[in-house]
1. Taking the Cα centre of segment 41-182 as origin, work out the dipole magnitude from +1 charges on Lys and Arg Cβ and -1 charges on Asp and Glu Cβ, in debye rounded to 20.
2. Using a Gaussian network model of the chain with C-alpha springs under 10 Å, which one of Gly48, Gly138, Gly129 is most mobile by mean-square fluctuation?
3. Does segment 82-191 come out rounded, prolate or oblate by the C-alpha gyration tensor, with a ≥ b ≥ c the root eigenvalues, rounded set by a/c under 1.5 and, if not, prolate when a/b is larger than b/c and oblate if not?
4. If a cysteine in the chain has no other Cys Cβ under 4.7 Å from its own Cβ, put it on the list, ordered by number.
5. Taking only complete DSSP H runs, can you tell me which helices of the chain stretch 20 Å or more along their own long axis by Cα positions and average at least -1.0 on the Kyte-Doolittle scale?
Amino acid sequence: MQSIILLLGLLSFNLYAQQRLSIPQMVDNECMSCHKDPTIFDAPMISGQKRDFLEFELFNFRDYLRDHEIMNQVMENFTDTEVKEIAAYVSSLSLCEAQAQIDLPPDANVKNGKKIFNKNCFQCHKKDGSGIAPVIHGQKTGYLENAIRSFQTTWYEPRPSRINMRSFTDKLSEQDIKDVAAYLNEQKLCD
């Protein structure tokens with residue numbers, strides 16, 4: 001029921017926001033209501049991510065190249081310029097604001113997660129944002145687990161990173177996925 005109410009609110013908001021609010025107001029009031037909420041596990045923490053990464057993902061949602069029940073409909077009426085403005089604004093926010101609550105599953109082995117991350121992931125996913133991939137440190141465990149699984153099970157052209165990611169994620173067991181997600185979740189973005 002909560003997701004239906006959220007979806008209806010976001011759909012009506014999309015058209016209203018474009019007519020009434022500035023991009024920063026819209027992002028702060030609406031986008032961040034999900035993307036900062038620790039209980040919405042499939043909405044990643046997005047503050048401070050790279051602008052080109054955000055643009056790429058937002059365009060994919062808008063153009064229905066990346067399937068997501070809520071984000072496709074939220075983004076569908078935004079112009080190219082507005083998508084770029086949203087990405088630029090979210091990118092300008094402090095990465096410190098992207099810190100999720102620490103939510104370590106009791107059956108996760110953080111040491112194993114660190115070992116897997118350091119062996120396979122750290123060169124692209126740098127904590128300070130200097131890598132070629134998005135910052136995944138401090139992210140929600142549920143989001144990370146689902147993201148890793150999606151690279152194992154889904155393929156589509158708009159996300160060329162899947163070629164690289166699958167070579168790493170296909171090797172991971174369900175326990176490995178939990179371990180990596182738990183390790184990343186506990187990583188502090190800012191002290």
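Coordinate-derived values only; no laboratory data. Every value quoted in this text rests on a predicted model; they were computed, and no experiment measured them. Neighbour counts are summed over all protein chains in view; Cβ atoms, including those assigned to glycine, are modelled from backbone coordinates with ideal geometry.
1. Values: 18 positive and 21 negative charges, 159 e Å.
That gives segment 41-182 a dipole magnitude of about 760 debye.
2. Top of the fluctuation ranking is Gly129.
3. Working: a/c = 1.81, a/b = 1.17, b/c = 1.54.
Here segment 82-191 falls in the oblate category.
4. Result for the chain is Cys31, Cys34, Cys121, Cys124, no neighbouring Cys Cβ within the cutoff.
5. Working: long enough: 2-20 (26 Å, 0.77).
Helix filter hits for the chain: 2-20.
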